[in-house]
Structures are given as C-alpha cells and as structure tokens.
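Written below as structure tokens is the structure these notes are about.
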Amino acid sequence: MNEIFQNRILWASGLAWTLAQFTKFVVVLVVNGRVDLTRLVGAGGMPSSHTAFVSALSLSTGLEVGFHHPLFAVALVFASIVMYDATGVRQAVGRQAEVLNQIVDDLYHAAGIRPERLRELLGHTPIEVVVGALLGITTALAFS
C-alpha cells in the first residue's frame with residue numbers, strides 16, 4: 001500500500017486533475033461572479049480535467065519508464081482516445097442535450113408537462129482540451 005502513495009505518476013495525474021477542477025471553479029467565480037461547487041467535480045468547462053489527467057499520466061509514464069516502453073504507448077493511446085472523446089462525442093452529446101432541453105421547455109409551456117432537464121455541459125471545445133493538456137504536461141514536468 002505504501003508503494004501507491006509513492007507513485008509519482010499517480011500523484012502527477014491526480015494533481016493535474018485537481019488543479020483543472022479548481023481552475024474551473026475559479027473561472028466560474030470570476031466570469032459569472034457566483035460560487036458553483038459542482039465545478040469542483042463536474043465534467044465540461046475550462047480547462048478539461050480529463051485531458052489534464054491523461055496528459056500528466058502519459059508524460060509521467062514516459063518520463064518514468066522511457067518513451068520507448070510499451071506502457072508509454074498504452075498511456076498515449078489512452079490519452080488520445082480521451083481527448084478525442086472530450087471534443088467529439090461528448091461535445092455532440094452536450095449539443096443534443098441543449099436541443100432536447102429546448103423541446104422540453106417548449107412542451108412545458110405549451111402543454112404544461114413537468115420538464116426534466118438534461119446536463120448540457122458535458123464536452124469540451126478544442127481550446128479547453130489544449131489548455132487541459134498544457135496543464136497536465138506542466139504538472140508532469142513539475143513531478144519529474
């Protein structure tokens with residue numbers, strides 16, 4: 001169990017995720033002037049915490065075991081899939097949720113049905129992913 005607490009790859013990855021989530025909280029506080037505690041754990045927003053996490057994981061793995069090692073290749077492929085998903089699939093799902101919420105709102109006002117809103121902030125813009133990657137890379141380099 002002690003080895004887990006000494007794993008620099010896990011620490012760098014976890015710290016990158018934590019910094020990204022805290023940054024989201026601060027961004028909402030500064031931009032909207034409100035405290036939104038869900039930004040400390042929620043998906044979506046600036047920067048991408050998923051991307052920060054997997055970027056730190058990939059680079060830390062490469063720095064620890066070498067960039068020629070199969071584990072680095074696995075981490076890099078995993079990171080690529082997560083980043084693609086963040087900007088592609090999850091972004092599309094978020095847009096679909098917006099449309100469905102508008103339909104539900106229209107039905108609510110027309111027919112009086114009780115609306116159940118879907119989460120719209122699921123995916124990331126490319127810039128949110130790039131900033132998340134830079135945060136993850138910076139965190140991994142700080143741990144090396």
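The values are calculated or read from the model by the stated rules, or taken from the named source; none is laboratory data. Every value quoted in this text rests on a predicted model; they were computed, and no experiment measured them. Positions of Cβ are generated from backbone atoms using ideal geometry, with glycine treated the same way; all protein chains shown enter the neighbour counts.
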Any residue in segment 43-57 that is surrounded by 13 or more Cβ atoms within 10 Å (Cβ to Cβ) and farther than 16 Å from V131 by Cα?
no
In segment 44-56, anything hydrophobic (A, V, I, L, M, F, W, C) and closer than 26 Å to A73 by Cα is listed as A52, F53, V54, A56
Among the residues of segment 77-94, count how many are modelled with pLDDT under 70 and either more than 23 Å from V131 (Cβ to Cβ) or surrounded by 13 or more Cβ atoms within 10 Å (Cβ to Cβ) (or both).
4
Identify all residues within segment 125-144 that are loosely packed, with under 15 Cβ neighbours inside 10 Å and either under 11 Å from the mean Cα position of the chain (by Cα) or assigned to a helix (DSSP H, G or I) (or both); write none if there are none.
P126, I127, L134, L141, A142
Do we find that L107 is of a type in the set (A, V, I, L, M), part of a helix (DSSP H, G or I) and at pLDDT 90 or above in this structure?
no
Would you mind telling me which numbered condition in (1) at pLDDT 90 or above; (2) exposed (fewer than 14 other Cβ atoms within 10 Å of the Cβ); (3) of a type in the set (D, E) E64 fails?
(2)
Considering only residues that are part of a helix (DSSP H, G or I) and without any contact (Cβ under 8 Å) to a residue 12 or more places away in the chain, which ones fall in segment 56-73?
V65, P70, L71, A73
